[in-house]
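Only one structure is covered here, and it is reproduced in the block below.
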Amino acid sequence: IRASAGVVENEKGEILVCKRASHRHLANKLEFPGGKIDNDETPEQALKRELFEEVGVEVNVQNDKEIKLIKDVCYDFGERECLIYFFKIEKDQWSGNVSGKESQPIYWMNLHQLQEKSDASEFPEPNKIIINILN
């Protein structure tokens, strides 16, 4: 499975986080918003589509090369292997009314809060790798 996820920052330097549904893989874990890359999409195109569909974030860049790749992480969850592209979306690169459009809870967290939740294993392993890079 190939997926893209966005580390979306607001004016206060906080990062957008979603909680996964209780009936899905990695139930109730916190994660950076994103989703699967369709066959005809680049990771950046998938990121833009998924952020808008999931949380109402509209990425506003002239060129997809302006979207900074933090790291791509290949991770074997046992039942499935994923390659996840994590991108940083700076505060001046997006607009929109942020909400959990799939009825998922969403939170804005500062780096300290992200690290605390990561240390408590509330994020999946690939997300923890990114949180360590951010800190």
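The values are calculated or read from the model by the stated rules, or taken from the named source; none is laboratory data. It should be emphasised that the depicted structure is a prediction, and the values quoted were computed from it without experimental measurement. Counting neighbours? That spans all protein chains shown, and the Cβs are built from the backbone with ideal geometry, glycine included. What goes into the accessible areas is simple: the full protein's heavy atoms, side chains included, and nothing from ligands, DNA or RNA. Shrake-Rupley method; radii C 1.70, N 1.55, O 1.52, S 1.80 Å.
Annotation: of all residues in region 65-75 being more than 20 Å from residue 16 (Cα to Cα) and without any contact (Cβ under 8 Å) to a residue 24 or more places away in the chain, the one that is least open to solvent (accessible area, probe 1.4 Å) is 74. Residue count for region 1-34 under the criterion of being closer than 20 Å to residue 108 by Cβ and part of a strand (DSSP E or B): the result is 13. Just a yes or no: is a residue in region 44-56 over 13 Å from the mean Cα position of the chain (by Cα), at pLDDT below 95 and over 20 Å from residue 131 (Cα atoms)? No, region 44-56 contains no residue that is over 13 Å from the mean Cα position of the chain (by Cα), at pLDDT below 95 and over 20 Å from residue 131 (Cα atoms). The residue pairs whose first member lies in region 24-53 and is free of Cβ contacts under 8 Å to residues at least 12 places away in the same chain, whose second member is open to solvent by 50 Å² or more (accessible area, probe 1.4 Å), and whose beta carbons are closer than 6 Å, counting only pairs six or more residues apart or on different chains, are 28/22.
The lone criterion from (1) without any contact (Cβ under 8 Å) to a residue 60 or more places away in the chain; (2) under 16 Å from the mean Cα position of the chain (by Cα); (3) on the phi > 0 side of the Ramachandran plot left unmet by residue 78 is number (2). Of all the residues in region 39-81, those that are within 15 Å of residue 5 (Cβ to Cβ) and not in a strand (DSSP E or B) number 18. Scanning region 119-131 for residues that are surrounded by 12 or more Cβ atoms within 10 Å (Cβ to Cβ), of a type outside the set (Phe, Trp, Tyr) and either part of a helix (DSSP H, G or I) or touching a strand residue (DSSP E or B) at 6+ places or on another chain (Cβ under 6 Å) (or both) yields 122, 125, 126, 127, 128, 129, 130, 131. Scanning region 90-110 for residues that are open to solvent by less than 60 Å² (accessible area, probe 1.4 Å), of a type in the set (Gly, Ala, Ser) and farther than 11 Å from residue 55 by Cβ turns up just one, 95.
From the residues in region 54-64 that are under 18 Å from residue 44 (Cβ atoms) and in contact (Cβ under 8 Å) with a residue 12 or more places away in the chain, which one is most open to solvent (accessible area, probe 1.4 Å)? This residue is 58.
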